[in-house]
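What follows is a single structure, written as structure tokens, with notes after it.
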Amino acid sequence: MGENKKLLYRLAVADVDGTLVERGGDVPPEAREAIRRFREAGGIFVLATGRPLPGVLHYLEDLELPDPAIILNGAQVYDRKQGQVIYHRSLSREVTLRAVELCRQFDLEPFLYYDGQVYVRGPGSRVSHYERKDRLSCQPVGDLRTLALGREEGAAKILFIGPVEEGFALGESLRREGFSIHVVQSDADFVEILPPGTSKGVALRWLRERLGIPREEVMAIGDQQNDRELLEEAGCGVAVANAVEELKGVASLVTRAPFGWGVAEALARAGG
């Protein structure tokens, strides 16, 4: 416990794509070393990502992180020590079905997330791009509506890849029909439909309370609009240099360096 006194922040939470790594690449050596030092000083380092579990396991194993991970943009928290999801939220079955139906009216590729798997209609350039970036394989099922009809609950989240304005327009269509959802942009051409009240920030609050860590002892690092709630839930919200301007506007600190080098810079300030 005495080691923790050296740290300004006991818990550091970092987004993956666009923050810790660039476009699904490897963690820079500088960030890897900074994470190691932070953890050796007694800190807890948590990844917070929109990825499903198969897409984040590589980083958990590579960085030898035993701590929980926030996945699916806050719809789940995975505990690696227990080997199971310890926090879970999902869309309603009705929202999932209607979103899949509405998708036919837009230039969007839908991805449905159930039980750690990612389901798609079939192969294509957007699916291949996603598989390369997240280092996983999607499951082609042809008709996503049939898949959703066979489930008792809705998907944990739905990702749409395509023009961002069309993704938000689909979200607005759902709202006009009376559905309660949370819509976020998670990449240049990624828009996600999440359960109402779901975000990385809400999941962080649940996790830090479970760990008994007050907000002022939390540092959160991100780059995209879906990281806003994450930064707002932390005592110190950090935007890496390559972050979108909207996120820089709410951050307590903007790093000089981008991506993982910015994460290393932030962790140095945390005292690790």
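The values are calculated or read from the model by the stated rules, or taken from the named source; none is laboratory data. For clarity, every value in this text was computed on a predicted model and none was experimentally measured. Don't worry about glycine lacking a Cβ; one is built from the backbone with ideal geometry, like all the others, and counts go over all protein chains shown. We work out accessible area using only protein heavy atoms, side chains counted, and drop any ligands, DNA or RNA first. Shrake-Rupley method; radii C 1.70, N 1.55, O 1.52, S 1.80 Å.
A compact table of results
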| item | result |
| --- | --- |
| Subset of segment 24-41 (residues that are assigned to a loop (DSSP other than H, G, I, E, B) and out of contact with any Lys or Arg (no Cβ under 7 Å at 6 or more places or on another chain)) | G25, D26, V27, P28 |
| Hits in segment 120-150 - residues which are surrounded by 18 or more Cβ atoms within 10 Å (Cβ to Cβ), more than 26 Å from D26 (Cβ to Cβ) and of a type outside the set (K, R) | L144, L147, A148 |
| Test set (1) in a loop (DSSP other than H, G, I, E, B); (2) touching a residue at least 60 places away in the same chain (Cβ under 8 Å) - A220 fails condition number | (1) |
| Scope segment 9-25; condition at pLDDT 95 or above and either open to solvent by less than 20 Å² (accessible area, probe 1.4 Å) or out of contact with any Cys (no Cβ under 7 Å at 6 or more places or on another chain) (or both); matching residues | R10, L11, A12, V13, A14, D15, V16, D17, G18, T19, L20, V21 |
| Residue in segment 124-161 that is nearest to the chain's Cα centre (by Cα), counting only those that are polar (S, T, N, Q) and farther than 23 Å from I70 by Cα | S128 |
| Count of residues meeting criterion [buried (at least 17 other Cβ atoms within 10 Å of the Cβ) and within 14 Å of A12 (Cα to Cα)] in segment 254-271 | 9 |
| Qualifying residue in segment 196-214 (condition: over 17 Å from A69 (Cα atoms) and crowded, with 17+ Cβ neighbours inside 10 Å) | no |
| Strands (runs of 3 or more DSSP E) completely within segment 42-125 that count 2 or more residues being touching a residue at least 24 places away in the same chain (Cβ under 8 Å) and over 21 Å from H182 (Cβ atoms) | 44-47, 117-120 |
| G25 being of a type in the set (G, A, S) and either within 22 Å of G197 (Cβ to Cβ) or in contact (Cβ under 8 Å) with a residue 24 or more places away in the chain (or both) | no |
| Residue that is within 19 Å of the chain's Cα centre (by Cα) and hydroxyl-bearing (S, T, Y), where the choices are S186, S173, S252, S180 | S186 |
| Complete set of residues in segment 154-172 that are open to solvent by 10 Å² or more (accessible area, probe 1.4 Å) and in a helix (DSSP H, G or I) | V164, E165, E166, F168, A169, E172 |
| Where L112 falls short, out of the listed (1) within 20 Å of V164 (Cα to Cα); (2) open to solvent by 10 Å² or more (accessible area, probe 1.4 Å) | (2) |
